[in-house]
Amino acid sequence: MNRSSADNITKKDIQQLPLLTFKGEIRVINTHKECNEVLFILEKEALLGFDTETKPTFHKGEYNPTALIQLSTQKEAFLFRLNKIGYPKRLFNLLANPNLTKLGISILDDLKDLNKLSPFTPQGFIDLNHTAKKLGIRHIGVRKLTAIFLKHRISKNQRVSNWENEELTEGQKRYAATDAWICIEIHDRLLQKGYTSF
């Protein structure tokens with residue numbers, strides 16, 4: 001890995017890269033029944049991509065709880081709408097399962113916010129920002145790591161959209177799925193290069 005080129009990557013450099021989005025199946029979880037059905041599948045996985053989304057605030061002192069948890073395999077993404085299903089114990093048990101690895105980027109605040117909603121002990125999480133720092137990469141975050149390791153860019157256009165909408169738009173779904181799935185892609189690339197995030 002060329003450390004100097006990674007450290008010198010700019011927003012302009014990133015904008016010139018080809019766009020990468022999740023192309024697999026996206027399942028939006030709106031009910032407890034759907035939640036239990038997909039958790040039965042996810043509990044058997046060994047590795048998942050992880051992210052969350054929250055309705056943005058625009059005034060000091062405002063707070064919105066986490067609206068969405070995204071969990072992804074390489075081929076399927078599952079969007080759990082917490083604003084509709086609440087905080088299912090079985091879902092939070094998965095987040096506390098030390099035997100199921102969850103890959104994320106900049107996840108400390110995500111986990112803190114989730115803990116406010118339903119206290120649990122996060123286990124099995126790997127923050128790829130920490131892995132990048134160990135490799136000498138100072139520029140971190142999902143856009144930077146995607147550019148450095150995958151030579152692509154991802155869109156952040158939906159980041160400040162309303163994640164508590166009655167229905168998520170196709171753009172929101174694709175954005176949310178990509179943010180979780182991309183962690184698996186970065187992890188795989190690290191393994192291919194002889195690095196490990198474990």
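Scanning segment 22-62 for residues that are under 19 Å from residue 87 (Cα atoms) and of a type in the set (Val, Ile, Thr) yields 28, 29, 31, 38, 41, 52, 54. Note on segment 82-113: residues that are assigned to a helix (DSSP H, G or I) and more than 13 Å from residue 43 (Cα to Cα) amount to 11. Of everything listed in (1) open to solvent by 10 Å² or more (accessible area, probe 1.4 Å); (2) touching a residue at least 24 places away in the same chain (Cβ under 8 Å), the single unmet condition for residue 63 is (2). Take the conditions more than 26 Å from residue 169 (Cα to Cα), out of contact with any Ser or Thr (no Cβ under 6 Å at 6 or more places or on another chain) and part of a helix (DSSP H, G or I) and apply them to residue 116. Does it pass? Yes; evaluated as a whole, the condition is true for this residue.
Residues considered: 95, 103, 82, 91. Of these, the only one that is modelled with pLDDT of 95 or more and touching a helix residue (DSSP H, G or I) at 6+ places or on another chain (Cβ under 6 Å) is 103.
Taken across segment 123-141, residues that are hydrophobic (A, V, I, L, M, F, W, C), farther than 18 Å from residue 185 by Cβ and not in a helix (DSSP H, G or I) do not occur at all. Taking each residue of segment 69-96 that is farther than 16 Å from residue 117 by Cβ and in contact (Cβ under 8 Å) with a residue 12 or more places away in the chain and looking for partners that are open to solvent by 10 Å² or more (accessible area, probe 1.4 Å) and hydroxyl-bearing (Ser, Thr, Tyr) with beta-carbon atoms closer than 6 Å, six or more apart or interchain, yields nothing.
Of the residues that make up segment 74-81, is at least one of a type outside the set (D, E, K, R) and either in a loop (DSSP other than H, G, I, E, B) or surrounded by fewer than 17 Cβ atoms within 10 Å (Cβ to Cβ) (or both)?
Yes: one or more hits.
For segment 160-184, the candidate set comprises residues that are out of contact with any Lys or Arg (no Cβ under 8 Å at 6 or more places or on another chain), open to solvent by 30 Å² or more (accessible area, probe 1.4 Å) and in contact (Cβ under 8 Å) with a residue 40 or more places away in the chain; within that set, the residue that is farthest from residue 75 (Cα to Cα) is 160. Of everything listed in (1) modelled with pLDDT of 95 or more; (2) surrounded by 13 or more Cβ atoms within 10 Å (Cβ to Cβ), the single unmet condition for residue 135 is (1).
The values are calculated or read from the model by the stated rules, or taken from the named source; none is laboratory data. These figures come from a predicted structure and were not determined experimentally. When we count neighbours, we look across all protein chains shown, and the Cβ atoms used for this are built from the backbone with ideal geometry, even at glycine. Note: accessible area is taken over every heavy atom of the protein model, side chains too, but ligands, DNA and RNA are not part of it. Shrake-Rupley method; radii C 1.70, N 1.55, O 1.52, S 1.80 Å.
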